[in-house]
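For reference, the structure is listed below as C-alpha coordinates.
The values are calculated or read from the model by the stated rules, or taken from the named source; none is laboratory data. Values in this document were obtained by computation on a predicted structure and should not be read as measured data. Cβ placement follows ideal geometry from the backbone for every residue including glycine, while neighbour counts extend to all protein chains displayed. Just so you know, the surface numbers come from the protein's heavy atoms only, side chains and all, with ligands and any DNA or RNA stripped out. Shrake-Rupley method; radii C 1.70, N 1.55, O 1.52, S 1.80 Å.
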Amino acid sequence: MADTLTNKKRRSADDNDGDDSTALVLKKSKAGAAKAVHEHDEWEWDVDPAASLANARHEFGEHGGVNMSIEASATFTVMEAETMRRMFSGELGPERDFFIYSRHFNPTVLNLGRQMAALEGTEAAYCTASGMSAISSVLMQLCSSGDHVVASRTLYGGTHALLSHFLPRASNIATTFVDAGDLEEVGRAMVEGRTKVLYVEAMSNPTLHVADIPALSRMAHQKGVKVVVDNTFAPMVLSPARLGADVVVHSVSKFISGGADIIAGAICGPSSLINSMMDLHQGPLMILGPTMNAKVAFELSERIPHLSLRMKEHCHRAMVFATRMKKLGLKVIYPGLEDHPQHALLSSIANKDYGFGGILCLDMGTEERANRLMHHLQNYTQFGLMAVSLGYYETLMSCSGSSTSSEMNAEERELAGISPGLVRMSIGYSGTLEQRWTQFEKALARMNHTTN
(Lines give C-alpha, C1' and ligand atoms only; values in the text may rest on other atoms or scores of the structure.)
Protein backbone atom coordinates (compact mmCIF):
# COMPACT_ATOMS: atom_id res chain seq x y z
CA MET A 1 0.00 0.00 0.00
CA ALA A 2 2.77 2.42 0.92
CA ASP A 3 4.56 1.74 -2.35
CA THR A 4 1.38 2.45 -4.28
CA LEU A 5 0.68 5.71 -2.51
CA THR A 6 4.20 7.06 -2.87
CA ASN A 7 4.47 6.74 -6.64
CA LYS A 8 4.60 9.84 -8.79
CA LYS A 9 0.82 9.99 -9.05
CA ARG A 10 0.56 10.59 -5.33
CA ARG A 11 3.76 12.45 -4.67
CA SER A 12 4.14 14.56 -1.58
CA ALA A 13 2.97 18.16 -1.63
CA ASP A 14 6.53 19.11 -0.69
CA ASP A 15 7.93 17.62 -3.90
CA ASN A 16 8.64 20.28 -6.47
CA ASP A 17 10.76 18.72 -9.14
CA GLY A 18 9.81 21.26 -11.77
CA ASP A 19 7.95 18.69 -13.86
CA ASP A 20 4.93 20.55 -15.19
CA SER A 21 4.16 18.07 -17.93
CA THR A 22 0.79 17.39 -16.38
CA ALA A 23 -0.20 21.04 -16.45
CA LEU A 24 -3.68 21.98 -17.55
CA VAL A 25 -2.29 24.55 -19.96
CA LEU A 26 -1.21 23.32 -23.37
CA LYS A 27 2.29 24.61 -23.93
CA LYS A 28 3.04 26.37 -27.19
CA SER A 29 4.23 23.78 -29.67
CA LYS A 30 7.00 24.25 -32.22
CA ALA A 31 4.31 24.45 -34.89
CA GLY A 32 2.66 27.33 -33.04
CA ALA A 33 -0.50 25.31 -32.47
CA ALA A 34 -1.15 26.88 -29.09
CA LYS A 35 -0.66 30.46 -30.17
CA ALA A 36 -2.16 32.83 -27.61
CA VAL A 37 -5.85 33.43 -28.15
CA HIS A 38 -5.57 37.22 -28.17
CA GLU A 39 -2.91 37.49 -30.89
CA HIS A 40 -5.44 38.37 -33.57
CA ASP A 41 -3.28 40.35 -35.97
CA GLU A 42 -1.65 37.34 -37.62
CA TRP A 43 -3.57 34.09 -37.75
CA GLU A 44 -1.78 30.84 -38.40
CA TRP A 45 -3.95 29.26 -41.04
CA ASP A 46 -1.33 26.82 -42.26
CA VAL A 47 -1.06 24.71 -39.10
CA ASP A 48 -2.47 21.23 -39.73
CA PRO A 49 -4.53 20.19 -36.67
CA ALA A 50 -3.29 16.63 -37.19
CA ALA A 51 0.29 17.83 -36.70
CA SER A 52 -0.71 19.67 -33.55
CA LEU A 53 -2.31 16.52 -32.19
CA ALA A 54 0.81 14.52 -32.97
CA ASN A 55 2.90 17.06 -31.05
CA ALA A 56 0.68 16.85 -27.98
CA ARG A 57 1.79 14.85 -24.98
CA HIS A 58 1.11 11.11 -25.24
CA GLU A 59 -0.23 9.70 -21.99
CA PHE A 60 0.98 6.14 -21.34
CA GLY A 61 -0.69 3.57 -19.15
CA GLU A 62 0.14 3.03 -15.50
CA HIS A 63 2.13 -0.13 -16.27
CA GLY A 64 3.73 1.09 -19.50
CA GLY A 65 0.79 0.44 -21.77
CA VAL A 66 0.72 2.34 -25.04
CA ASN A 67 -2.76 3.56 -24.13
CA MET A 68 -3.41 5.63 -21.03
CA SER A 69 -5.04 4.07 -18.00
CA ILE A 70 -8.60 4.92 -17.03
CA GLU A 71 -8.76 6.77 -13.72
CA ALA A 72 -12.23 5.65 -12.66
CA SER A 73 -12.02 6.97 -9.11
CA ALA A 74 -14.55 9.56 -7.95
CA THR A 75 -12.28 10.70 -5.11
CA PHE A 76 -8.54 10.80 -4.51
CA THR A 77 -6.39 10.20 -1.43
CA VAL A 78 -3.49 12.25 -0.07
CA MET A 79 -0.42 11.40 2.01
CA GLU A 80 -0.77 14.22 4.57
CA ALA A 81 -3.89 15.89 5.97
CA GLU A 82 -2.39 19.34 5.31
CA THR A 83 -2.29 18.54 1.59
CA MET A 84 -6.09 18.47 1.40
CA ARG A 85 -6.35 21.97 2.86
CA ARG A 86 -3.81 23.23 0.30
CA MET A 87 -5.75 21.62 -2.54
CA PHE A 88 -9.03 23.23 -1.49
CA SER A 89 -7.34 26.61 -1.16
CA GLY A 90 -6.10 26.31 -4.75
CA GLU A 91 -2.44 26.09 -3.80
CA LEU A 92 -2.12 22.57 -5.19
CA GLY A 93 -3.93 21.28 -8.24
CA PRO A 94 -3.90 19.06 -11.31
CA GLU A 95 -0.89 20.84 -12.77
CA ARG A 96 1.13 18.99 -10.10
CA ASP A 97 -0.92 15.78 -10.15
CA PHE A 98 -3.08 16.63 -7.15
CA PHE A 99 -6.73 15.76 -7.61
CA ILE A 100 -9.64 16.19 -5.22
CA TYR A 101 -12.79 14.81 -6.77
CA SER A 102 -13.68 13.89 -10.34
CA ARG A 103 -16.36 16.56 -10.65
CA HIS A 104 -13.46 18.99 -10.34
CA PHE A 105 -10.63 17.44 -12.35
CA ASN A 106 -10.03 13.84 -13.38
CA PRO A 107 -6.69 12.71 -14.92
CA THR A 108 -8.30 10.81 -17.81
CA VAL A 109 -10.70 13.62 -18.68
CA LEU A 110 -7.86 16.10 -18.33
CA ASN A 111 -5.82 14.22 -20.92
CA LEU A 112 -8.72 14.34 -23.39
CA GLY A 113 -8.82 18.08 -22.73
CA ARG A 114 -5.17 18.33 -23.76
CA GLN A 115 -6.01 16.60 -27.02
CA MET A 116 -8.93 18.94 -27.68
CA ALA A 117 -6.72 21.96 -26.95
CA ALA A 118 -4.16 20.66 -29.42
CA LEU A 119 -6.87 20.04 -32.01
CA GLU A 120 -8.23 23.58 -31.74
CA GLY A 121 -4.96 25.37 -31.08
CA THR A 122 -5.97 26.80 -27.70
CA GLU A 123 -4.13 27.02 -24.40
CA ALA A 124 -6.50 24.67 -22.61
CA ALA A 125 -9.73 22.71 -22.89
CA TYR A 126 -12.24 21.01 -20.61
CA CYS A 127 -14.53 18.18 -21.66
CA THR A 128 -18.12 17.96 -20.50
CA ALA A 129 -21.02 15.54 -20.48
CA SER A 130 -22.70 17.04 -23.57
CA GLY A 131 -22.36 19.73 -26.17
CA MET A 132 -25.22 21.74 -24.66
CA SER A 133 -23.56 21.66 -21.24
CA ALA A 134 -20.41 23.09 -22.81
CA ILE A 135 -22.32 25.89 -24.53
CA SER A 136 -24.47 26.80 -21.53
CA SER A 137 -21.51 26.73 -19.12
CA VAL A 138 -19.46 29.10 -21.31
CA LEU A 139 -22.31 31.57 -21.69
CA MET A 140 -23.03 31.54 -17.96
CA GLN A 141 -19.37 32.16 -17.24
CA LEU A 142 -18.98 35.05 -19.67
CA CYS A 143 -22.35 36.68 -18.95
CA SER A 144 -24.06 37.86 -15.76
CA SER A 145 -27.60 39.01 -15.05
CA GLY A 146 -28.44 41.99 -17.26
CA ASP A 147 -25.79 41.23 -19.87
CA HIS A 148 -26.40 40.83 -23.58
CA VAL A 149 -25.46 38.32 -26.30
CA VAL A 150 -25.42 38.84 -30.06
CA ALA A 151 -25.94 35.57 -31.89
CA SER A 152 -26.43 34.27 -35.39
CA ARG A 153 -30.08 33.62 -36.11
CA THR A 154 -29.11 30.34 -37.76
CA LEU A 155 -28.15 28.01 -34.92
CA TYR A 156 -28.78 24.49 -33.68
CA GLY A 157 -32.31 24.42 -32.26
CA GLY A 158 -31.16 23.60 -28.74
CA THR A 159 -28.76 26.56 -28.70
CA HIS A 160 -31.47 28.83 -30.07
CA ALA A 161 -33.84 27.70 -27.30
CA LEU A 162 -31.14 28.28 -24.66
CA LEU A 163 -30.57 31.85 -25.86
CA SER A 164 -34.15 32.82 -26.64
CA HIS A 165 -36.01 31.16 -23.76
CA PHE A 166 -33.92 29.65 -20.97
CA LEU A 167 -31.26 32.29 -20.31
CA PRO A 168 -33.69 35.26 -20.34
CA ARG A 169 -35.95 33.46 -17.86
CA ALA A 170 -33.33 31.89 -15.61
CA SER A 171 -30.49 34.41 -15.76
CA ASN A 172 -31.83 37.68 -17.19
CA ILE A 173 -29.43 37.39 -20.14
CA ALA A 174 -30.90 38.75 -23.37
CA THR A 175 -29.95 37.85 -26.93
CA THR A 176 -30.26 39.73 -30.21
CA PHE A 177 -30.32 37.40 -33.22
CA VAL A 178 -28.71 38.71 -36.41
CA ASP A 179 -27.64 37.71 -39.88
CA ALA A 180 -24.04 36.78 -39.07
CA GLY A 181 -23.10 37.39 -42.70
CA ASP A 182 -24.13 41.04 -42.47
CA LEU A 183 -21.23 42.64 -40.62
CA GLU A 184 -22.99 45.99 -40.36
CA GLU A 185 -26.02 44.38 -38.72
CA VAL A 186 -23.77 42.49 -36.31
CA GLY A 187 -21.95 45.68 -35.39
CA ARG A 188 -25.17 47.63 -34.81
CA ALA A 189 -26.49 44.91 -32.50
CA MET A 190 -23.50 45.13 -30.13
CA VAL A 191 -23.98 47.44 -27.17
CA GLU A 192 -20.66 48.57 -25.70
CA GLY A 193 -20.43 47.78 -22.03
CA ARG A 194 -23.44 45.45 -22.11
CA THR A 195 -22.81 42.94 -24.92
CA LYS A 196 -20.41 40.31 -23.59
CA VAL A 197 -20.53 37.58 -26.23
CA LEU A 198 -20.82 37.22 -29.99
CA TYR A 199 -21.96 33.65 -30.61
CA VAL A 200 -21.83 31.97 -34.02
CA GLU A 201 -21.43 28.53 -35.54
CA ALA A 202 -18.38 28.11 -37.76
CA MET A 203 -20.62 26.31 -40.22
CA SER A 204 -24.27 26.83 -39.36
CA ASN A 205 -26.77 24.13 -38.56
CA PRO A 206 -28.45 23.31 -40.88
CA THR A 207 -28.01 25.92 -43.61
CA LEU A 208 -24.20 25.60 -43.85
CA HIS A 209 -23.56 29.34 -43.73
CA VAL A 210 -19.83 29.88 -43.12
CA ALA A 211 -18.98 32.53 -40.54
CA ASP A 212 -16.32 35.11 -41.42
CA ILE A 213 -14.53 34.45 -38.15
CA PRO A 214 -11.57 36.82 -38.74
CA ALA A 215 -13.83 39.79 -39.58
CA LEU A 216 -16.34 39.03 -36.81
CA SER A 217 -13.53 38.67 -34.28
CA ARG A 218 -11.92 41.96 -35.22
CA MET A 219 -15.23 43.77 -34.91
CA ALA A 220 -16.16 42.14 -31.60
CA HIS A 221 -12.79 42.74 -29.98
CA GLN A 222 -12.90 46.42 -30.89
CA LYS A 223 -16.03 46.61 -28.73
CA GLY A 224 -14.66 44.44 -25.92
CA VAL A 225 -16.85 41.47 -26.84
CA LYS A 226 -15.74 37.83 -26.57
CA VAL A 227 -16.25 35.59 -29.61
CA VAL A 228 -17.56 32.07 -28.98
CA VAL A 229 -17.68 29.73 -31.99
CA ASP A 230 -19.36 26.34 -32.17
CA ASN A 231 -17.15 24.22 -34.44
CA THR A 232 -19.17 21.00 -34.24
CA PHE A 233 -19.80 20.89 -38.01
CA ALA A 234 -16.21 21.51 -39.08
CA PRO A 235 -13.53 19.96 -36.84
CA MET A 236 -10.18 19.81 -38.65
CA VAL A 237 -11.70 21.81 -41.53
CA LEU A 238 -11.73 25.08 -39.57
CA SER A 239 -9.70 26.26 -36.58
CA PRO A 240 -11.70 29.20 -35.14
CA ALA A 241 -9.22 30.06 -32.38
CA ARG A 242 -6.44 30.47 -34.93
CA LEU A 243 -8.76 32.75 -36.88
CA GLY A 244 -9.41 35.03 -33.91
CA ALA A 245 -12.15 33.44 -31.80
CA ASP A 246 -11.74 33.51 -28.01
CA VAL A 247 -13.56 30.27 -27.21
CA VAL A 248 -14.42 27.20 -29.30
CA VAL A 249 -17.15 24.78 -28.23
CA HIS A 250 -17.99 21.35 -29.56
CA SER A 251 -20.59 18.69 -29.42
CA VAL A 252 -18.00 15.93 -29.30
CA SER A 253 -20.86 13.48 -29.85
CA LYS A 254 -20.71 14.18 -33.57
CA PHE A 255 -17.67 13.96 -35.89
CA ILE A 256 -15.09 13.74 -33.12
CA SER A 257 -16.74 10.67 -31.59
CA GLY A 258 -17.75 9.26 -34.96
CA GLY A 259 -19.67 6.33 -33.52
CA ALA A 260 -23.08 7.79 -32.59
CA ASP A 261 -22.63 6.07 -29.23
CA ILE A 262 -21.37 8.84 -26.95
CA ILE A 263 -22.80 12.13 -25.69
CA ALA A 264 -20.03 14.63 -24.87
CA GLY A 265 -18.92 18.24 -25.24
CA ALA A 266 -15.80 20.37 -25.04
CA ILE A 267 -14.78 23.94 -24.26
CA CYS A 268 -11.49 25.12 -25.78
CA GLY A 269 -9.98 28.47 -24.85
CA PRO A 270 -7.54 30.38 -22.64
CA SER A 271 -6.35 28.61 -19.50
CA SER A 272 -7.60 31.57 -17.45
CA LEU A 273 -11.15 30.94 -18.69
CA ILE A 274 -11.04 27.18 -18.14
CA ASN A 275 -9.61 27.57 -14.65
CA SER A 276 -12.20 30.21 -13.71
CA MET A 277 -14.96 27.90 -14.88
CA MET A 278 -13.58 25.26 -12.50
CA ASP A 279 -13.47 27.62 -9.50
CA LEU A 280 -14.68 25.80 -6.40
CA HIS A 281 -16.99 28.66 -5.40
CA GLN A 282 -18.28 30.25 -8.62
CA GLY A 283 -17.22 28.17 -11.62
CA PRO A 284 -20.21 26.84 -13.61
CA LEU A 285 -18.40 23.65 -14.53
CA MET A 286 -17.73 22.92 -10.86
CA ILE A 287 -21.02 24.16 -9.43
CA LEU A 288 -23.41 22.84 -12.10
CA GLY A 289 -21.43 19.63 -12.55
CA PRO A 290 -21.67 18.65 -16.25
CA THR A 291 -18.94 16.09 -15.58
CA MET A 292 -17.63 13.74 -18.24
CA ASN A 293 -17.20 10.12 -17.19
CA ALA A 294 -13.56 9.00 -17.28
CA LYS A 295 -14.48 5.90 -19.27
CA VAL A 296 -16.10 8.09 -21.93
CA ALA A 297 -12.99 10.29 -21.99
CA PHE A 298 -10.83 7.23 -22.59
CA GLU A 299 -13.03 6.08 -25.49
CA LEU A 300 -12.85 9.50 -27.11
CA SER A 301 -9.10 9.85 -26.64
CA GLU A 302 -8.64 6.69 -28.71
CA ARG A 303 -10.72 8.10 -31.58
CA ILE A 304 -9.20 11.56 -31.93
CA PRO A 305 -5.91 10.36 -33.51
CA HIS A 306 -7.76 9.15 -36.62
CA LEU A 307 -10.22 12.06 -36.79
CA SER A 308 -8.24 13.66 -39.62
CA LEU A 309 -8.56 10.53 -41.78
CA ARG A 310 -12.28 10.25 -41.10
CA MET A 311 -12.93 13.94 -41.80
CA LYS A 312 -11.09 13.80 -45.11
CA GLU A 313 -13.28 10.92 -46.28
CA HIS A 314 -16.50 12.54 -45.01
CA CYS A 315 -15.57 15.72 -46.87
CA HIS A 316 -14.42 13.97 -50.04
CA ARG A 317 -17.66 12.03 -50.42
CA ALA A 318 -19.78 15.06 -49.58
CA MET A 319 -18.04 17.01 -52.34
CA VAL A 320 -18.53 14.25 -54.90
CA PHE A 321 -22.17 13.71 -54.00
CA ALA A 322 -22.98 17.43 -53.93
CA THR A 323 -21.44 17.90 -57.38
CA ARG A 324 -23.34 14.97 -58.85
CA MET A 325 -26.62 15.92 -57.17
CA LYS A 326 -26.39 19.40 -58.62
CA LYS A 327 -25.86 17.94 -62.11
CA LEU A 328 -29.12 16.02 -61.62
CA GLY A 329 -30.91 19.34 -61.20
CA LEU A 330 -31.40 19.10 -57.44
CA LYS A 331 -31.14 22.19 -55.25
CA VAL A 332 -27.96 21.48 -53.29
CA ILE A 333 -26.45 23.52 -50.49
CA TYR A 334 -22.78 22.73 -49.93
CA PRO A 335 -19.87 25.12 -49.26
CA GLY A 336 -17.65 23.21 -51.66
CA LEU A 337 -19.79 24.23 -54.64
CA GLU A 338 -18.67 27.43 -56.33
CA ASP A 339 -22.18 28.89 -56.24
CA HIS A 340 -22.29 28.70 -52.43
CA PRO A 341 -22.26 32.28 -51.06
CA GLN A 342 -19.29 31.61 -48.76
CA HIS A 343 -17.32 29.26 -51.03
CA ALA A 344 -14.49 31.76 -51.52
CA LEU A 345 -14.45 32.66 -47.83
CA LEU A 346 -14.19 29.04 -46.73
CA SER A 347 -11.50 28.38 -49.33
CA SER A 348 -9.44 31.21 -47.85
CA ILE A 349 -9.72 30.26 -44.16
CA ALA A 350 -10.02 26.46 -44.15
CA ASN A 351 -7.17 24.18 -43.18
CA LYS A 352 -5.46 22.67 -46.20
CA ASP A 353 -6.47 19.27 -47.57
CA TYR A 354 -9.63 18.83 -45.47
CA GLY A 355 -12.18 19.91 -48.04
CA PHE A 356 -15.40 21.76 -47.31
CA GLY A 357 -17.17 19.74 -44.64
CA GLY A 358 -18.96 16.43 -44.39
CA ILE A 359 -22.54 17.74 -44.50
CA LEU A 360 -24.70 18.77 -47.42
CA CYS A 361 -28.32 19.84 -47.69
CA LEU A 362 -30.96 19.15 -50.33
CA ASP A 363 -33.90 21.52 -50.54
CA MET A 364 -36.82 19.41 -51.71
CA GLY A 365 -39.28 22.30 -51.46
CA THR A 366 -41.84 20.71 -49.18
CA GLU A 367 -41.69 18.53 -46.10
CA GLU A 368 -43.74 15.88 -47.89
CA ARG A 369 -41.19 15.56 -50.72
CA ALA A 370 -38.32 15.60 -48.23
CA ASN A 371 -39.88 12.77 -46.25
CA ARG A 372 -40.56 10.70 -49.36
CA LEU A 373 -36.97 11.04 -50.52
CA MET A 374 -35.62 9.97 -47.13
CA HIS A 375 -38.09 7.07 -47.03
CA HIS A 376 -36.82 5.73 -50.34
CA LEU A 377 -33.18 6.32 -49.47
CA GLN A 378 -33.48 4.36 -46.23
CA ASN A 379 -36.10 1.71 -46.86
CA TYR A 380 -35.55 0.82 -50.54
CA THR A 381 -31.88 1.34 -51.32
CA GLN A 382 -30.20 1.58 -47.88
CA PHE A 383 -28.31 4.76 -48.84
CA GLY A 384 -28.54 6.07 -45.30
CA LEU A 385 -30.55 6.25 -42.09
CA MET A 386 -33.27 8.65 -41.01
CA ALA A 387 -31.79 9.96 -37.79
CA VAL A 388 -30.66 13.19 -36.21
CA SER A 389 -27.04 13.89 -35.28
CA LEU A 390 -24.06 13.75 -37.62
CA GLY A 391 -20.52 12.48 -38.05
CA TYR A 392 -21.49 8.79 -38.08
CA TYR A 393 -19.86 6.34 -40.48
CA GLU A 394 -23.28 5.77 -42.06
CA THR A 395 -25.07 8.64 -43.79
CA LEU A 396 -27.66 10.24 -41.49
CA MET A 397 -30.63 12.20 -42.86
CA SER A 398 -33.24 14.45 -41.27
CA CYS A 399 -35.73 17.10 -42.30
CA SER A 400 -34.36 19.94 -40.20
CA GLY A 401 -37.48 22.08 -39.90
CA SER A 402 -39.44 19.30 -38.22
CA SER A 403 -36.57 17.87 -36.19
CA THR A 404 -33.34 19.53 -35.02
CA SER A 405 -34.65 23.05 -35.71
CA SER A 406 -38.19 22.45 -34.44
CA GLU A 407 -37.48 24.53 -31.31
CA MET A 408 -37.70 27.56 -33.62
CA ASN A 409 -41.10 28.85 -34.70
CA ALA A 410 -42.07 29.16 -38.36
CA GLU A 411 -41.03 32.82 -38.58
CA GLU A 412 -37.65 32.12 -36.97
CA ARG A 413 -37.03 29.22 -39.34
CA GLU A 414 -37.90 31.40 -42.32
CA LEU A 415 -35.53 34.14 -41.16
CA ALA A 416 -32.83 31.51 -40.70
CA GLY A 417 -33.33 30.23 -44.23
CA ILE A 418 -34.60 26.81 -43.16
CA SER A 419 -37.18 25.76 -45.73
CA PRO A 420 -39.84 23.14 -44.86
CA GLY A 421 -38.25 20.67 -47.30
CA LEU A 422 -34.63 21.06 -46.26
CA VAL A 423 -32.96 17.66 -45.88
CA ARG A 424 -29.69 17.67 -43.96
CA MET A 425 -27.35 14.83 -44.86
CA SER A 426 -24.30 13.91 -42.83
CA ILE A 427 -22.38 11.92 -45.41
CA GLY A 428 -20.87 8.69 -44.12
CA TYR A 429 -17.96 6.67 -45.43
CA SER A 430 -19.15 3.07 -45.16
CA GLY A 431 -19.39 1.07 -48.35
CA THR A 432 -17.80 2.31 -51.55
CA LEU A 433 -18.52 5.75 -52.93
CA GLU A 434 -19.92 4.37 -56.20
CA GLN A 435 -22.07 1.86 -54.33
CA ARG A 436 -23.67 4.64 -52.29
CA TRP A 437 -24.12 6.89 -55.32
CA THR A 438 -25.94 4.12 -57.20
CA GLN A 439 -28.23 3.70 -54.19
CA PHE A 440 -29.00 7.43 -54.24
CA GLU A 441 -29.80 7.44 -57.95
CA LYS A 442 -32.10 4.43 -57.63
CA ALA A 443 -33.99 5.96 -54.70
CA LEU A 444 -34.44 9.26 -56.53
CA ALA A 445 -35.65 7.50 -59.67
CA ARG A 446 -38.12 5.41 -57.66
CA MET A 447 -39.44 8.50 -55.89
CA ASN A 448 -39.92 10.36 -59.15
CA HIS A 449 -41.59 7.31 -60.74
CA THR A 450 -44.09 6.87 -57.91
CA THR A 451 -44.83 10.61 -57.96
CA ASN A 452 -45.58 10.57 -61.68
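Computed from backbone phi, the HN-Hα couplings of region 234-246 come to 9, x, 6, 5, 10, 10, x, 5, 6, 9, x, 5, 7 Hz, rounded to whole numbers (Karplus: 6.51 cos²θ - 1.76 cosθ + 1.60, θ = phi - 60°; Gly and Pro given as x).
Quick one: grab the alpha carbon gyration tensor of region 254-409, order the square roots of its eigenvalues as a ≥ b ≥ c, and give me rounded if a/c is under 1.5, else prolate or oblate depending on whether a/b is larger than b/c.
Working: a/c = 1.96, a/b = 1.67, b/c = 1.18.
It comes out prolate by the Cα gyration axes.
Axis angle, to the nearest 10 degrees, between helix 433-451 and the longest C-alpha principal axis of the chain: 50 degrees. Of the peptides 205-212, 292-299, 65-72, the ranking by mean beta-carbon count within 10 Å, highest at the top, reads 205-212, 292-299, 65-72.
Taking amide H positions as modeled 1.01 Å from N, with prolines and chain starts lacking one, the residues under 5 Å from LEU385 and 5 or more places away or on another chain are THR395, LEU396, MET397.
Between ARG85 and HIS343, the modelled labels are 6.8 nm apart [label points 7 Å from Cα along Cα→Cβ]. Seen against the Cα atoms of the chain and their longest principal axis, helix 107-120 is set at about 50 degrees. Remark: for residue pairs LYS295/LYS331; LYS223/LYS331; LYS196/LYS295; LYS226/LYS327; LYS196/LYS254; LYS226/LYS331, the C-alpha separation exceeds 31 Å in LYS295/LYS331; LYS223/LYS331; LYS196/LYS295; LYS226/LYS327; LYS226/LYS331. Quick one: if the Förster radius is 45 Å, what FRET efficiency do PHE60 and ASN448 give, using the C-beta to C-beta distance and rounding to 0.05? FRET efficiency, PHE60 to ASN448: 0.20. Residues in region 171-184 carry Karplus couplings, in order, of 10, 6, 10, 9, 10, 9, 8, 9, 7, 5, x, 9, 4, 5 Hz; the curve used is 6.51 cos²θ - 1.76 cosθ + 1.60 with θ = phi - 60°, and Gly or Pro positions show x. Average accessible surface for the chain: 42 Å² per residue, computed with a 1.4 Å probe over protein heavy atoms with every protein chain in place.
Under 5 Å from the amide H of LYS226 lie the amide H atoms of VAL197, LEU198, each residue being 5 or more positions distant or on a separate chain, with H modelled from the backbone and absent for Pro and chain starts.
Ranking HIS314, HIS165 from most to least accessible surface, computed with a 1.4 Å probe over the protein chains only, gives HIS165, HIS314.
Shown here: Rg and Dmax of the Cα atoms in Å, derived from the displayed model; of the candidates (1) 24.5, 87; (2) 26.5, 107; (3) 22.7, 81, it corresponds to (3).
Whole-Hz Karplus values for region 50-59 come out as 5, 5, 4, 4, 5, 7, 6, 4, 9, 8 Hz, taken residue by residue from phi with 6.51 cos²θ - 1.76 cosθ + 1.60 and θ = phi - 60°; glycine and proline positions read x. What shape does region 139-235 take by its C-alpha gyration tensor, where a ≥ b ≥ c are the square roots of the eigenvalues and a/c under 1.5 counts as rounded, a/b above b/c as prolate, and the rest as oblate? Oblate, since a/c reaches 1.5 and b/c is not below a/b. One decimal place: the segment ILE287-ASP182 gains 34.1 nm when fully extended, by the rule 0.36 nm per residue minus the C-alpha distance. Using a 1.4 Å probe on the protein heavy atoms, what percent of the accessible area of the chain belongs to carbon and sulfur? C and S atoms contribute 52 percent here.
Across the chain, C-alpha contacts under 8 Å between residues 6 or more apart give a mean separation that, scaled by the residue count, equals a relative contact order of 16 percent. For the chain, the dipole from Cβ point charges (+1 on Lys and Arg, -1 on Asp and Glu) about the Cα centre works out to 920 debye, to the nearest 20. Distance from the C-alpha centroid of region 263-319 to that of region 122-152: 13 Å, rounded to the whole angstrom.
Axis angle, to the nearest 10 degrees, between helix 307-327 and the longest C-alpha principal axis of the chain: 10 degrees.
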